[in-house]
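A short write-up of the structure that comes next.
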Amino acid sequence: MTTPTLPPLPADRVDAIEAAVFGRIADERERRRRRRRGIWTGAGAAAAVVVVAAFVGPSLTATSGSSGSSTVVGASEQHSSGAAQNPPLVPVDPGQGAGGSASSSEAAAGDAAARDTATRDIVATASSTVEVDDIAAAIAAIGASATGAGGYVESSQLGGAVPYEGAVTGPTASSGWITVRVPAAALTSTMDDLCQVGEVSATTVSRSDVTEQTVDLRARVAAGEASVARLTQLLAQAGSVSDLITAESALAERQAQLDSDRQVLQSVESQVATSSLSVQLVERSPAVAADPAGFGDGLDAGWNGLVATLNGIVIGLGFLLPWIAVAGVVLAVVWGVRLLVRRRRAERES
């Protein structure tokens, strides 16, 4: 029994099949978008109906209540004896129904906003400056707090030395920093724990919405997986060496692009899941106590100033003495030459 051989597929046919696959993916994405728009449109229409009912209902209830009260009065005039036996009618407060509708609409809007915020992808980054007494102990405490919250220490440094690793045995530095990554839900509690380490002097929190980027990356990954799967099927159906080489080249290119998109998506999702907190640690300056000076302190300061001035004069004279000696020698030579010239001039004149 012979195995039937499939006819070879030309390159244009492969491109057509691939275009059809991507077209179906695009159609499916467009249908999802329309479905979401329809849901939001229906929700908006329902909210509009609730708001209109909240504003129009009280006026209609008030009108019906006034007409009903006149009817009751007429009946009491005709049947005065029966009015004494029947209990009085209690009017209905028109604000109860409207208030209930308004509160329900506000609650629904709040729930929708909370669900929308929960589905957004947010990258949070925070930084703080803390004044502490012991830099090394503060670095260890912040690292322990981040580890306890389910995070880890990304990097740290004590003073101007190499990044902090383990216990510090050298001299204490006057500054340092540490960067930790914690789960996004634990960022606020981790920042609150900084108050137990020292005095927080500055805090900054920034949040970036990357929802569009993650949605686009997920769509590209899904399209890439579908394309790779289709090219794998076409590779198995290749009937000639040229078709096989073409399919393998296209498959390698799409697989490389798919791996790249997956890595980028994994990196963005990691940034969304874990927030970064950088803490700058500064050693707290000791308080300077006032030390009032008296007459003895002033006398000591004056004597020390006199001694320092005399020392400066002596040092200055020692510095100038060689220059004075050289200048004296030069002046003596010049004066001697001048006298010699005058004597010769006088001898010639005589």
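The values are calculated or read from the model by the stated rules, or taken from the named source; none is laboratory data. The model shown is predicted, which means the values in this text are computed figures rather than measured ones. We place every Cβ from the backbone using ideal geometry, glycine too, and count neighbours over all the protein chains shown.
Per-structure values
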quantity: Index of the failed condition, residue 240 passing every other in (1) more than 30 Å from residue 207 (Cα to Cα); (2) in contact (Cβ under 8 Å) with a residue 40 or more places away in the chain; (3) surrounded by 15 or more Cβ atoms within 10 Å (Cβ to Cβ); (4) polar (S, T, N, Q); calculated: (3)
quantity: Residue within the range 266-286 that is part of a helix (DSSP H, G or I), among the basic types (Lys, Arg) and at negative phi present; calculated: no
quantity: Residues located in the range 119-151, provided they are of a type outside the set (S, T, N, Q) and either within 16 Å of the chain's Cα centre (by Cα) or on the phi > 0 side of the Ramachandran plot (or both); calculated: 120, 121, 122, 123, 124, 126, 150
quantity: Residue match in the range 243-257 (condition: assigned by TED's automatic domain parsing to the domain that holds residue 129, in contact (Cβ under 8 Å) with a residue 60 or more places away in the chain, of a type in the set (Asp, Glu) and within 25 Å of residue 30 (Cβ to Cβ)); calculated: no
quantity: Those residues of the range 267-299 which are within 30 Å of residue 187 (Cα to Cα), at pLDDT 80 or above and surrounded by fewer than 12 Cβ atoms within 10 Å (Cβ to Cβ), in sequence order; calculated: 267, 270
quantity: Every residue from the range 183-193 that is crowded, with 21+ Cβ neighbours inside 10 Å and over 12 Å from residue 279 (Cβ atoms); calculated: 187
